[in-house]
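Below is one structure, written out as structure tokens, with a few remarks after it.
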Amino acid sequence: MSGKIKSRNAANADSIAGSVSCDERILRDCHQMYIDTDSGLIAIAQSVGVTLLPPRKKINVMLMGNHSAGKSSFINWYVEEHIQRTGVAIETQGFSFVTSGRKRESLTGNATLHLYPHFKPLQEFKGVSEYLSTEICTSRQKRFSLVTFVDTPGLVDGDMKYPFDVDQAILWLGELCDLILVFFDPMGQALCKRTLNIVENLNEQQGDRLRFYLSKADEAGGESDRQRVMMQIVQELCKRPGLNKCGFDMPTIYVPNPNKPSRCVNQIEEACRTIEKTINQTVQNTLNSLEKDCKLITEAITDTLYNDRQCSIENRRARFKGCVWGMLGFTVPLLLLIFLVLGTLSREILELMLGDKGTEALSLYVAPAVKVFESLSAQVQLYSCVALVLLSFIFLLLARFSFRTKPTLSGKQKRQLQEKLEYVQEVVKTKKKNLYEEYLRQSVGDQDMN
């Protein structure tokens, strides 16, 4: 699978002259709205106990198939640079990530995992880390600025031993990829059982992301030969219950070579359109997720402020109850002390202290209680005093427990939450609306936007 690849200098010139696409700008702006240190949605959400994940700025497209199926050649053709090694031999023995960047660079395993932290669980597969690499190139051809290709090892049957569990690693990567392109070549390895087994397992969870292609279709001979190969592949796939789909589609593709014209129908642009559709869907999903996350944050902040108000009301009630119990707790021993003191004072001293009218009023209200208390035996009087002291102690305990309040937000914290709420409702939602209109304006006219 060979073809004319644009030189690196030409690709660099295109990257300099090219401008950032609308979709790329939307994904970049959405990503920035999440990760901004001061006013990012992730930081705002964390302040109210909500965990958010930032949207990715690119889609992940995984290419898989048997060895020499043309996966690396397709990547080279798409980016119009010679990034991946190609040939009949098994060149790609590990996982290679191909992405766009500011300058041409090759990264090893550890650097790759730092660049893609969401792929760090790959380290759990023994031996995989040593076979990870990243190729960064400056190409901006097609929609490459929004794509990260994941080139997987060529799959073979028999005694071929891999330095890691390639089947499980591919299945794990399939969960994180937005699109999975499966290449079958017509040169005898298309029915590789390892490939078919992995495809069947991927289909169980990621069936909507799988796309099948007959690669190197120009090398399959005549049209009858191609049809025979495709029928063999389709029959083998349909033997697997999960892959027996209605309307099974397998476009024929090959890298066009001006020096080797072919009469075979080349549907390689169909693969490009599939990638573009996935990008468009990702942009829509990102904008929809932004709206949902804004709503989630708004509800969380509103609930936090409402709960804080309820806690403040409950705290005021608790303080009032505490004051009542405390007053009762101090009132009982105080009255007991007054009764005892007044009972020991003579009438002359009371008249001197309170006057005639005061003494008469005091006698009117206190004398009956004093008489009742004096009529009791000494033992009963002691028990009564002890009971009144215990009652006072119980009142004071109730007062202490009632004064236990729930923590509330400070005035500064409430102002900050209110500011965050206004920022999400007014600034972020407005940006989201503008981004959505900018995205839709690519497809419809301004007159249809109203």
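Below is a table of values for the structure above.
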| read-out | value |
| --- | --- |
| Residue match in the stretch 17-24 (condition: at pLDDT below 85, open to solvent by less than 60 Å² (accessible area, probe 1.4 Å), of a type in the set (S, T, N, Q) and not in a helix (DSSP H, G or I)) | yes |
| Condition met for Arg263 (assigned to a loop (DSSP other than H, G, I, E, B) and open to solvent by 60 Å² or more (accessible area, probe 1.4 Å)) | yes |
| Elements of type strands (runs of 3 or more DSSP E) contained in the stretch 58-149, each with 3 or more residues being surrounded by 21 or more Cβ atoms within 10 Å (Cβ to Cβ) | 59-65, 95-100, 132-137 |
| Test: residue in the stretch 156-166 that is modelled with pLDDT of 85 or more and closer than 20 Å to Ser215 by Cβ | no |
| Which listed residue, of Arg211, Arg240, Arg226, is open to solvent by 10 Å² or more (accessible area, probe 1.4 Å), modelled with pLDDT of 75 or more and among the basic types (Lys, Arg) | Arg211 |
| Test: residue in the stretch 65-76 that is modelled with pLDDT of 80 or more, touching a strand residue (DSSP E or B) at 6+ places or on another chain (Cβ under 8 Å) and hydroxyl-bearing (Ser, Thr, Tyr) | yes |
| Filtered residue count, the stretch 406-426, keeping only those that are part of a helix (DSSP H, G or I), surrounded by 11 or more Cβ atoms within 10 Å (Cβ to Cβ) and of a type in the set (Lys, Arg) | 3 |
| Unique match (being part of a loop (DSSP other than H, G, I, E, B), open to solvent by 20 Å² or more (accessible area, probe 1.4 Å) and either modelled with pLDDT of 80 or more or more than 30 Å from Pro54 (Cβ to Cβ) (or both)) among Asn307, Asn280, Asn285, Asn257 | Asn257 |
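The values are calculated or read from the model by the stated rules, or taken from the named source; none is laboratory data. Fair warning: this is a prediction, and the values are worked out from it, not measured in the lab. Cβ sites come from the backbone with ideal geometry, for glycine too, and all protein chains shown count toward neighbours. Side chains are part of the model used for accessible areas, which takes the heavy atoms of the whole protein and leaves out ligands, DNA and RNA. Shrake-Rupley method; radii C 1.70, N 1.55, O 1.52, S 1.80 Å.
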